[in-house]
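Below is one structure, written out as structure tokens; the observations come after it.
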Amino acid sequence: MRRFGSLFFKVIFIYLLGVAVLSIPLFIIDFTVNSQMADYLLSNKALFDNKMGISLFNLIGVISVALAIWDGQFVDDVKPTHWSRQNMPK
């Protein structure tokens, strides 16, 4: 259970880090130019223009977690007895 808890917090941290990398410059530009760009891009109607649409906020968070998985950030969270570790040289 301890391993799951640390993995859960790692995924949440990477999600929020990916969103922050997008949101902070977006809000700075929005504040200096005085536009409503951030409100529109982070609303649910931004990408698919319907009530069930996905926001840019969620899309960037999911992409950042996917990139972290692809990059191998979660490799150390695999148990030593897992089948993927059986044939690895030590």
Problem set entry | Matching residues in segment 44-66 - criterion: being modelled with pLDDT of 85 or more and open to solvent by less than 40 Å² (accessible area, probe 1.4 Å) | Gly61, Ser64, Val65
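Criterion first (of a type in the set (Asp, Glu) and either in contact with a Lys or Arg (Cβ under 6 Å, 6 or more places away or on another chain) or at pLDDT 75 or above (or both)) does Asp77 satisfy it?
Numbers: of a type in the set (Asp, Glu): yes; either in contact with a Lys or Arg (Cβ under 6 Å, 6 or more places away or on another chain) or at pLDDT 75 or above (or both): no.
When the stated conditions are applied, Asp77 does not pass them.
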For this session: Select from segment 1-43 the residues that are at pLDDT below 85, more than 20 Å from Val65 (Cα to Cα) and either part of a loop (DSSP other than H, G, I, E, B) or open to solvent by 100 Å² or more (accessible area, probe 1.4 Å) (or both) and list them in ascending order.
Result: Met1, Arg2, Gln36, Tyr40, Ser43
For this session: Determine the pairs where a residue that is over 16 Å from Gly18 (Cβ atoms), located within segment 61-85, has a partner that is at pLDDT 70 or above and in a helix (DSSP H, G or I) with Cβ atoms under 9 Å apart, the partner being 6 or more residues away or on another chain.
Result: Asp77/Ser6; Asp77/Leu7; Asp77/Lys10
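The values are calculated or read from the model by the stated rules, or taken from the named source; none is laboratory data. As the structure is a prediction and not an experimental result, all values here were calculated from the model. Reconstructed Cβ throughout: ideal geometry from the backbone, glycine too, with neighbour counts over all protein chains shown. Calculation scope for accessible area: heavy atoms of the full protein, side chains included, ligands and nucleic acids excluded. Shrake-Rupley method; radii C 1.70, N 1.55, O 1.52, S 1.80 Å.
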